Amino acid sequence: MVENKNAIITGGTRGIGREIARTLAQNGANIAINYRNYTEEVEKLVEELKSLGAKVLASKCDVSNSEEVNNFVKEVKEAFGTIDILVNNAGITKDGLLIRMSEKDFNDVIDINLKGTFNTTKAVSSVMIKQRYGKIINIASVVGIAGNAGQCNYAASKAGIIGFSKSAARELALRNINVNCIAPGYIDTDMTKVLPDKIKEEVLKSIPMKKMGEPKDVANLALFLASNLSDYITGQVINVDGGMVML
Ligand code: NDP
């Protein structure tokens, strides 16, 4: 479905991003991922992706730093020739109630989740405009649609990603570039493992399917949106959440 396409997946070292990298590679894409620290896990993933036949590039890049992002995107373009797919997946949480939330915790989450998405999309879309081709997939969250107590910073960043994506979709549509969001619900990764049991139980109660999603559930939709099967879909937000949020 994405044979010989070149993809950048931010935050591809763990969790949902890693699964998207695997799924795209299994379907024939070449993969560029960024890391903040080069760990044994990153090394293992690079080897795994190579064993699937993909060309792989892994570079140090913090998505909140525009200079690092520009250098990373330049490096990928030079190595792969084109950049056909961008998955903005890197993200963090710094949860807390509004009245206790520090300005730093608010800014950090906006800087990585929202400004990071702006940095990479800006750099990659100028490559995609010249190619007259591109698929941009931004990982938002159902929390950006429905809100969540304790996550004002995170919800604002994810709602921001949704508005950003719809605007970019309108700007880029005539250049044959699709921009869509995936809004995951409650997915089993390092990000959710740290939640207290009581909160996990409460969240599970609110999911009609009564179970957490797996990174693969998100990766399957990312594959569809990265492929030509999604050619007439742009500016959309698709939930992967076991029915948690229905509009
Ligand atoms: P993880 O915490 O498992 O992974 C987060 C990834 O983002 C890691 O690869 C991490 O890299 C990377 N990252 C964080 N900050 C930066 C940065 N400044 N620059 C570059 N990379 C960075 O999270 P998930 O896999 O669960 O989440 C992936 C995306 O899905 C996020 O955007 C998250 O908000 C979203 N999401 C997740 C949900 C869930 O239930 N898990 C629900 C809804 C949305 P490093 O290894 O260096 O830390």
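The values are calculated or read from the model by the stated rules, or taken from the named source; none is laboratory data. Since we're looking at a predicted model, the values are computed, not measured. Ideal geometry is used to build each Cβ from the backbone, glycine not excepted, and the neighbour counts take in all protein chains shown. Ligands, DNA and RNA are excluded from the accessible area calculation, which covers all protein heavy atoms including side chains. Shrake-Rupley method; radii C 1.70, N 1.55, O 1.52, S 1.80 Å.
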To the nearest Å, what is the center-to-center distance of region 193-216 and region 1-33, using C-alpha atoms only?
26
Under 13 Å, Cβ to Cβ, from LEU86 - net charge with Lys/Arg +1 and Asp/Glu -1:
+3
In terms of the charge dipole of the chain, which places +1 on Lys and Arg and -1 on Asp and Glu at the beta carbon, the residue among SER230, ILE136, ASN107 farthest towards the positive end is SER230
Based on the Cβ-Cβ distance from LYS55 to ASP188, what FRET efficiency comes out when R0 is 25 Å, to the nearest 0.05?
0.25
Mind checking the angle between helix 66-80 and the chain's longest principal axis? C-alpha axes, 0 to 90 degrees, to the nearest 10.
40
For region 115-247, the dipole about the Cα centre with charges only on Cβ (Lys and Arg +1, Asp and Glu -1), to the nearest 20 debye, works out at 440
Tell me, what % of the accessible area of the chain is carbon and sulfur with a 1.4 angstrom probe?
52
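If you count, for each residue, the other Cβ atoms within 10 Å and average over each peptide, how do 8-17, 219-228, 49-58 line up from highest to lowest?
8-17, 219-228, 49-58
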Taking amide H positions as placed 1.01 Å from N in the peptide plane, with prolines and chain starts having none, which residues 5 or more places from ILE187, or on another chain, fall under 5 Å of its amide H?
GLY213
If amide hydrogens are placed 1.01 Å from N in the peptide plane, which non-local residues have theirs closer than 5 Å to the one on LYS60?
TYR35
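List the GluC sites (Glu not before Pro) in region 1-67 that DSSP assigns to loop (not H, G, I, E or B) and whose Cβ has at most 13 other Cβ atoms within 10 Å. Which are they? Before the final figure, lay out the partial values.
Numbers: sites: GLU3, GLU19, GLU40, GLU41, GLU43, GLU47, GLU48, GLU67; in loops: GLU3.
Answer by residue number: GLU3.
Please give the per residue accessible area of the chain, computed with a probe of 1.4 Å over protein heavy atoms only, in Å². It would help to have the intermediate numbers written out before the result.
Working: 12010 Å² over 247 residues.
Each residue of the chain exposes 49 Å² on average to a 1.4 Å probe.
What does the charge count near ILE129 come to, summing +1 for each Lys or Arg and -1 for each Asp or Glu among other residues with Cβ under 12 Å from its Cβ? Before the final figure, lay out the partial values.
Working: positive: LYS122, LYS130, ARG132, ARG175; negative: GLU171.
For residues surrounding ILE129, the net value is +3.
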For the chain, I need the span (max minus min coordinate) of the C-alpha atoms along each principal axis, in Å, sorted largest to smallest.
48, 40, 36
Taking H as built 1.01 Å from N, whose amide H comes closer than 5 Å to the amide H of GLY150, not counting residues under 5 places away?
LEU98
With springs only between Cα atoms under 10 Å apart, run a GNM on the chain and tell me which of TYR154, TYR38, TYR133 wobbles the most.
TYR38
Relative contact order (percent, whole number), region 114-247, Cα cutoff 8 Å, 6+ residue spacing
30
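Would you mind working out the magnitude of the charge dipole of the chain relative to its Cα centre, with +1 at each Lys and Arg C-beta and -1 at each Asp and Glu C-beta, to the nearest 20 Debye? Walk me through the numbers on the way to the answer.
Working: 30 positive and 28 negative charges, 104 e Å.
It works out to roughly 500 debye.
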Could you state the principal axis extents of the C-alpha atoms in region 23-133, from the largest down, to the nearest angstrom?
50, 35, 22
Answer with one residue from SER126, GLY96, GLY147: the one whose Cα lies farthest towards the positive end of the charge dipole of region 70-185, charges on Cβ with Lys, Arg +1 and Asp, Glu -1.
SER126
Cα-Cα over 32 Å, subset of LYS74/LYS104; LYS166/LYS211; LYS5/LYS198:
LYS5/LYS198
